[in-house]
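Worksheet for the structure shown next.
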Amino acid sequence: MKQILTILIFFTGFVIQAQEVGVVEDSGNKVWTLQECIDYAIENNITIKDAEYTKQTADVTYKQSKDNRLPSLSGSATQSFTNGQSIDPITSDFVNQQIHSTSLGLNTSVTLFQGNQLNNQIKQNKLLVDQNSLYVEEAKNNIILSVAEAYLQALYAKEGIIIAEKNLQASTQEATTAKARYEAGSFAMQDYSDALSQEATNNYNLIDAKNSYAQQVIVLKQLLELQPTDNFDVVTPETDDYQSPLIPAKLDVYQAALEYLPEYKASKLNVDVSEKDLDIAKGNYLPILALTGSLGSGYTSVQDLAFNDQINGNFNQRVGLSLTIPIFNKNQTKAEVQKAKIAIDQSQLQQRTVEKEIYQKIETAYQNVLATQEQLVAAQSASNAAEESYKLAQKKYDLGGLSATDLVVSQNTFTNAQQNYLQAKYLNILYTQLLEFYQGNDIKI
C-alpha cells in the first residue's frame, strides 16, 4: 500500500507540473465575439476570395461577349522581292524581271446576324455572372456556419475548463482532508489513496479540457486565416439561465429557405443557362451575314512612278456583304442541340436534388432541436439532482460518514451530469440558430 501511495503522490505532482507548463490562457489574448469572427472570416477567408475571383472572371467574360458585337479592325503591310517571271502584286501584269513591291491595307468586318448567337451568348454570360455572385454568397454562408459551429464548440470546451477547475479545487480540498485524517489514524489508506487518485484524475481532466479548447481555437484561427502566433480567445456569453426558444413550423422554414438560400437560386439559374445553350446550338442552323470593308494601296518597282505617286494612285476601297449558309456539317449541329436538351433535363434534376438536400438539412435541424429541447430539460434536472447529491456527500465526507470512494462516485456523477447539460445546451443553440439561418436571419448567441 505504501508503494501505491508513493506512486499516487508522484503522479499527482507530475500532473500538476504538466498543468503549469501546458495549455493555458494568455491574459493578453484578443477576445473575439461571434460576430467579429464572422465578419473577419468573410473578409479574409481563402475559399470566399477564390469564389470572388471566379466571379470576376465571369464579369470579364460577360464584357467580352458584349464587345463581340463590335467591328474588328486590322492593318497589314507587306514588303516583297520577286525575281523571274511572276505576276506583279500591284498591277497584276506578267513580268520577267526583278520586282520590289509594297502593299498596305486596312480590313474590317462586323457580324450583322449569326443565328442570334451573339445575343444569346451575352444573355447566358449575364446569367453566369449572377450565378457566380450566388456562389460567392454560398461560400460566405458556408463559412458563417463553419465559424458558428467552431465558436460554439470552443464555448463548450471553455465551459468544460470551468467544470474541470471546480472539480480539481474540490478534489484537492478533499485530498487535504483525507491526508490529515490518514495521518491522525482515523482514515484508511484505501480512502486516502482514492482521494489522491481522484485529485490526479481531475488534474488530468483539466489539462485535457484546456487542450480541447486550444484545438477548437486552432480551428477558428484557420477559418479566420489568422496566424498561429496570433493571440485569440472567445467571449463567453451569459447562458446560465438559457431557455430553448420557440421553434417555427418546419414547412415555413423550408419555404423561407427556398427564397433565401443562394445555392437554390443558383440551381434555378443553371436551368436558364442550359436553355441558353440550346438557343446557341440552334443558331448554328441559321446563316451568318457579315459586313466587310477594306482600304488598300501599294507600290511596285515595275512602274516608273515615285513611291508617293503610286501610293496615291493605287489607293482603293472595298465594301462587301458575306453570307454563309450552313447546308451539312456531318450532323454536328444536331448533336449539339440534342446534348443541350439533355443538359436542360440534368439541370432540372440538379435543381430538384438541391431542393431535397435543403429539406433534409432543415428536417435534420428541426428534429435535433426537438431532441435537444427534451435532452436539455432532462439534463438540467439530472444536473440539479446530482449537484444536491454531491453537496450532501461532501458534508457526509467532512463529518467522516462517507468514504472517499463513495464521494468520488458522487463527484463523477455530478461531473457527467454537468457535461451532459452543456452538450445539450450548445447543441440546442446550434440547431435553433441553424433554423434561424435557413430563414435568412443572423446567427446570434
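The values are calculated or read from the model by the stated rules, or taken from the named source; none is laboratory data. If you're wondering where the values come from, they're calculated on a predicted model, not measured in any experiment. A quick note on method: Cβ atoms are made from the backbone with ideal geometry, for glycine too, and the neighbour counts reach across all protein chains shown.
Yes/no per residue for (1) under 26 Å from the mean Cα position of the chain (by Cα); (2) on the phi > 0 side of the Ramachandran plot; (3) crowded, with 20+ Cβ neighbours inside 10 Å:
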{"site": "S193", "(1), (2), (3)": "no, no, yes"}
{"site": "N231", "(1), (2), (3)": "yes, no, no"}
{"site": "L246", "(1), (2), (3)": "no, no, no"}
{"site": "K250", "(1), (2), (3)": "yes, no, no"}
{"site": "S267", "(1), (2), (3)": "yes, no, yes"}
Worksheet, complete the sentence: Taking the range 367-381 and the residues there that are under 32 Å from the mean Cα position of the chain (by Cα), hydrophobic (A, V, I, L, M, F, W, C) and crowded, with 20+ Cβ neighbours inside 10 Å, the one that is farthest from Y431 (Cα to Cα) would be L376
Fill in: Restricting the range 396-412 to residues that are surrounded by fewer than 18 Cβ atoms within 10 Å (Cβ to Cβ) and of a type in the set (V, I, T), the residue that is farthest from Q367 (Cα to Cα)
T405
Item to complete: Go through the range 48-127 and tell me which strands (runs of 3 or more DSSP E), entirely inside it, have 3 or more residues that are in the same structural domain as S297 (by TED's automatic domain parsing) and crowded, with 16+ Cβ neighbours inside 10 Å.
Response: 99-114
Discussion item. Can you tell me which of (1) crowded, with 19+ Cβ neighbours inside 10 Å; (2) within 20 Å of N314 (Cα to Cα); (3) among the aromatic types (F, W, Y) is the one Y156 doesn't meet?
Written reply: (2)
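When you check A393 against the structure, is it more than 28 Å from the chain's Cα centre (by Cα), within 30 Å of S186 (Cβ to Cβ) and surrounded by 13 or more Cβ atoms within 10 Å (Cβ to Cβ), yes or no?
Working: more than 28 Å from the chain's Cα centre (by Cα): yes; within 30 Å of S186 (Cβ to Cβ): yes; surrounded by 13 or more Cβ atoms within 10 Å (Cβ to Cβ): yes.
Taking the combined requirement at face value, the residue satisfies it.
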Discussion item. Name the residue that is nearest to the chain's Cα centre (by Cα), counting only residues in the range 420-444 that are under 20 Å from Y156 (Cα atoms) and surrounded by fewer than 17 Cβ atoms within 10 Å (Cβ to Cβ).
Written reply: K444
Worksheet item: Among the candidates E225, E238, which residue alone is within 24 Å of the chain's Cα centre (by Cα) and not hydrophobic (A, V, I, L, M, F, W, C)?
Response: E225
Discussion item. Going through K250, K276 one at a time, which residue ends up being more than 30 Å from Q375 (Cβ to Cβ), of a type in the set (K, R) and either touching a Lys or Arg at 6+ places or on another chain (Cβ under 8 Å) or modelled with pLDDT of 90 or more (or both)?
Written reply: K276
